[in-house]
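Reviewing the structure listed below.
The values are calculated or read from the model by the stated rules, or taken from the named source; none is laboratory data. What you see is a predicted model, and the numbers here were worked out from it, not measured in a lab. FYI the Cβ positions are ideal-geometry reconstructions off the backbone, even for glycines, and counts take in every protein chain you see. Protein only, heavy atoms only, side chains kept; ligands, DNA and RNA dropped before computing areas. Shrake-Rupley method; radii C 1.70, N 1.55, O 1.52, S 1.80 Å.
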Amino acid sequence: MTQNATQQLAGTEKWQNLDGHHLHPFTNPNDLKQHPARIIESANGVYLTDTEGNQYLDMMAGLWCVNMGYGQQDLIKAASAQIEQLPYYNVFFKTSHPPVAELSALLAEVTPAHMNHAFFTSSGSEANDTVLRMVWRYWDLMGKPGKRVVISRKNAYHGSTIAASSLGGMDEMHQQGGIIPDIVHVDQPDWFAKRCELGKDLDRAEFGRSVAKSIADKIEELGVDKVAAFIAEPIQGAGGVIVPPETYWPEVQKICDHYGILLVADEVICGFGRTGEWFGSDYFNIKPDLMPIAKGLSSGYLPIGGVMVSDRIADVLINKGGEFNHGYTYSGHPVCAAVAVANIKLMQRENIVQKVREETAPYLQKRFRELGEHPLVGEVRGVGMFGALELVEDKQAYRKFDKNRHVGIICRDYCFENNLVMRAVGDAMIISPPLVTQKADIDVFIERAWKSLEQTQKKIA
Ligand code: PXG
């Protein structure tokens with residue numbers, strides 16, 4: 001259809017026609033031809049509104065990012081003031097600007113005590129590309145250029161650029177783009193999947209230790225002089241909110257310390273309050289060398305990410321390194337940085353992390369577990385403001401549904417019909433709501449989720 005003809009259409013249909021020119025990420029374009037996209041037009045608090053006037057409770061905070069909710073005036077004003085004052089300038093060639101300086105210092109304040117330097121990017125993917133280059137640079141400067149291999153985990157998500165998708169452990173992505181050398185993957189601490197694989201229960205603590213040990217085994221297999229770093233999300237997000245057993249992270253920290261390899265905690269989802277602590281690393285009490293961040297850094301209002309660098313790495317990069325030949329046009333973009341500053345200050349002023357830890361998350365997790373009484377739900381798990389429901393064919397036997405039945409997608413579609421956004425990862429129904437979600441919103445969520453589970457059960461019967 002020509003632009004002119006499209007302009008004759010009104011509302012939803014008009015946008016859907018124009019959107020026909022848009023190649024969507026992680027979407028089958030043929031499906032969109034049959035079922036054009038929902039057009040989201042506005043949002044406020046924890047609710048989205050589409051062009052048909054439907055209001056959805058957004059239990060995904062956009063894409064795990066709108067931590068402070070929609071319509072926050074502080075963030076809007078910060079963007080508008082900064083775009084007038086200085087819409088762009090770079091931070092190359094010995095220049096800087098107030099928003100990026102303030103943001104760097106604020107990040108040093110809210111991140112773990114041993115992290116005091118930030119490198120900026122526009123996304124989590126670029127942050128992980130930066131991680132890879134920094135890890136390699138660090139070992140070069142340490143006189144150990146042979147240390148190149150980064151150990152990651154199956155089912156990890158670290159982004160979509162070629163380095164980030166290689167670091168990730170998603171087979172479907174590797175099948176389409178290949179994987180760059182020097183990246184290997186070990187098992188993820190997915191207790192539920194393991195029990196389904198075995199068809200029986202399994203000691204959680206023991207499982208956590210044995211999965212951690214696979215990292216040590218891999219280091220031994222490759223030789224420690226070849227291994228540079230281990231990277232992981234404190235809690236895997238896009239892989240299905242995989243909360244590791246309590247024994248896992250202490251063991252991983254010990255292994256990284258023992259072999260002297262760098263620990264990279266990908267905080268793109270876990271960071272900025274999602275676990276009820278500022279960072280997932282605080283929640284699990286680990287001490288990463290590098291920490292990629294994005295998403296909740298600006299509550300998703302503008303694209304900004306970065307890498308937090310620990311003192312021991314910064315010391316080498318700064319004092320031994322000379323010029324690091326790396327950077328992006330939009331590294332530390334002033335408007336994005338100003339919004340991130342406003343976002344962090346708002347989080348501090350509202351004491352949101354403490355409020356999540358002490359009030360909202362306990363309520364969410366308690367009510368979320370009620371959904372476990374539904375016959376379709378084989379496991380409910382979650383920490384802080386995220387969680388997952390595993391939909392199964394038989395909970396006692398730990399038997400999953402056949403993948404081709406797409407039960408998760410059926411349930412997700414009912415959620416949309418019931419004005420609720422939940423994401424399906426296979427047959428796991430995922431939530432990651434804004435941190436500002438209120439108890440009353442959680443009650444609405446539980447009611448709509450239960451209804452969607454009922455409809456799903458009827459549909460697949
Ligand atoms: N690390 C982690 C842990 C992530 O979750 C990235 C890095 C990459 O960030 P950018 O900003 O480049 O997207 C992510 C992103 C999903 C979904 O469907 C998850 C992400 C992105 C898009 C979709 O769950 N996470």
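MET170 falls short on exactly one of the conditions (1) within 15 Å of the ligand (Cβ to nearest atom); (2) closer than 23 Å to ILE286 by Cα, and that condition is (2).
Report, by residue number, each residue of the range 279-293 that is farther than 17 Å from MET134 by Cα and either surrounded by 24 or more Cβ atoms within 10 Å (Cβ to Cβ) or within 13 Å of the ligand (Cβ to nearest atom) (or both). First the steps, then the outcome.
Step one: filter the range 279-293 for residues farther than 17 Å from MET134 by Cα, giving 279-287.
Answer for the range 279-293, where residues must be farther than 17 Å from MET134 by Cα and either surrounded by 24 or more Cβ atoms within 10 Å (Cβ to Cβ) or within 13 Å of the ligand (Cβ to nearest atom) (or both): PHE279, GLY280, SER281.
For the range 181-190, filtered to residues that are in a loop (DSSP other than H, G, I, E, B) and within 16 Å of the ligand (Cβ to nearest atom), the residue that is surrounded by the fewest Cβ atoms within 10 Å (Cβ to Cβ) is ASP190. Within the range 148-160, the set of residues being open to solvent by 30 Å² or more (accessible area, probe 1.4 Å) and either away from the ligand (no atom under 11 Å from the Cβ) or of a type in the set (Gly, Ala, Ser) (or both) comprises ARG148, LYS154, ASN155, SER160.
Say whether the condition of being of a type in the set (Gly, Ala, Ser) and within 28 Å of LYS200 (Cα to Cα) is met by at least one residue in the range 370-380.
Applying the first criterion (of a type in the set (Gly, Ala, Ser)) to the range 370-380 yields 372, 378.
Then drop every residue that is not within 28 Å of LYS200 (Cα to Cα), which leaves 372, 378.
Yes, the range 370-380 has at least one match.
Is one or more of the residues making up the range 54-66 closer than 21 Å to ASP413 by Cα, part of a loop (DSSP other than H, G, I, E, B) and open to solvent by 30 Å² or more (accessible area, probe 1.4 Å)? Looking for residues that are closer than 21 Å to ASP413 by Cα, part of a loop (DSSP other than H, G, I, E, B) and open to solvent by 30 Å² or more (accessible area, probe 1.4 Å), one finds at least one in the range 54-66, hence yes.
Only a single criterion out of (1) crowded, with 24+ Cβ neighbours inside 10 Å; (2) modelled with pLDDT under 95 is not satisfied by ILE269, namely (2). Whenever a residue of the range 397-420 is within 16 Å of ALA461 (Cα to Cα), its partners that are in a helix (DSSP H, G or I) and not hydrophobic (A, V, I, L, M, F, W, C), lying with C-beta atoms within less than 7 angstrom and at least six residues away or across chains, give the pairs VAL407/THR456; ILE410/THR456; ILE410/LYS459; CYS411/SER452; CYS411/THR456; TYR414/SER452; TYR414/GLN455; TYR414/THR456.
If you go through the range 123-147 and keep only what is touching a helix residue (DSSP H, G or I) at 6+ places or on another chain (Cβ under 8 Å), more than 18 Å from SER166 (Cα to Cα) and open to solvent by less than 40 Å² (accessible area, probe 1.4 Å), you end up with TYR138, LEU141.
The residues on offer are TYR47, TYR89, and the sole one that is farther than 30 Å from ALA101 by Cβ, touching a helix residue (DSSP H, G or I) at 6+ places or on another chain (Cβ under 9 Å) and of a type in the set (Ser, Thr, Tyr) is TYR47. Exactly one of these conditions fails for ILE39: (1) at pLDDT 95 or above; (2) loosely packed, with under 15 Cβ neighbours inside 10 Å; (3) over 22 Å from the mean Cα position of the chain (by Cα); (4) more than 16 Å from the ligand (Cβ to nearest atom). Give me its number. Failing condition for ILE39: (2).
Listed by first and then second residue, the pairs linking a residue in the range 362-385 that is surrounded by 20 or more Cβ atoms within 10 Å (Cβ to Cβ) to a residue that is part of a strand (DSSP E or B) and of a type in the set (Lys, Arg), with Cβ atoms under 8 Å apart and 6 or more places separating them unless they lie on different chains, are GLY378/LYS400.
Which members of the range 403-417 meet the condition of being in contact with a strand residue (DSSP E or B) (Cβ under 8 Å, 6 or more places away or on another chain) and among the charged types (D, E, K, R)?
Hit for the range 403-417 is ARG412, nothing else.
ILE430 fulfils the conditions (1) β-branched (Val, Ile, Thr); (2) part of a strand (DSSP E or B); (3) open to solvent by 10 Å² or more (accessible area, probe 1.4 Å) except for a single criterion, (3). Close Cβ contacts (under 8 Å, 6 or more residues apart or on different chains) running from residues in the range 156-172 that are within 15 Å of GLN236 (Cβ to Cβ) and β-branched (Val, Ile, Thr) to residues that are modelled with pLDDT under 95 and more than 10 Å from the ligand (Cβ to nearest atom) are absent. Tell me, please, whether a residue that is more than 22 Å from ALA338 (Cα to Cα) and in contact with a Phe, Trp or Tyr (Cβ under 6 Å, 6 or more places away or on another chain) can be found in the range 264-274. No, the conditions are met nowhere in the range 264-274.
What do you reckon, is VAL224 over 19 Å from VAL268 (Cβ atoms), buried (at least 17 other Cβ atoms within 10 Å of the Cβ) and either touching a residue at least 24 places away in the same chain (Cβ under 8 Å) or away from the ligand (no atom under 16 Å from the Cβ) (or both)? Here the answer is no, as VAL224 does not meet what is asked. Filtering the range 96-125 to residues that are farther than 18 Å from LEU263 by Cα and within 15 Å of the ligand (Cβ to nearest atom) leaves PHE120, THR121, SER122, SER123.
In summary, ILE409 fulfils each of the numbered conditions (1) more than 16 Å from ALA61 (Cα to Cα); (2) open to solvent by less than 40 Å² (accessible area, probe 1.4 Å) with the single exception of condition (2). Screening the candidates ALA212, ALA163, ALA193, ALA238 for the property of being assigned to a helix (DSSP H, G or I), within 16 Å of the ligand (Cβ to nearest atom) and surrounded by 15 or more Cβ atoms within 10 Å (Cβ to Cβ) yields one hit, ALA163.
Determine whether ASP217 is outside any helix (DSSP H, G or I) and more than 23 Å from the chain's Cα centre (by Cα). Working first, answer last.
Values: outside any helix (DSSP H, G or I): no; more than 23 Å from the chain's Cα centre (by Cα): yes.
Answer is no for this residue.
Can you name the residue in the range 241-278 that is among the small types (Gly, Ala, Ser) and within 15 Å of TRP64 (Cβ to Cβ) and, of all such residues, is farthest from the ligand (Cβ to nearest atom)?
Initial filter on the range 241-278 (among the small types (Gly, Ala, Ser)): 260, 265, 271, 273, 276.
Imposing the further condition that a residue be within 15 Å of TRP64 (Cβ to Cβ) reduces the set to 271, 273.
Details: GLY271: 9, GLY273: 15 Å.
Selected residue: GLY273.
Taking the criterion of being open to solvent by 20 Å² or more (accessible area, probe 1.4 Å), among the polar types (S, T, N, Q) and within 24 Å of THR161 (Cβ to Cβ), the residues of the range 102-122 that qualify are SER104, SER122.
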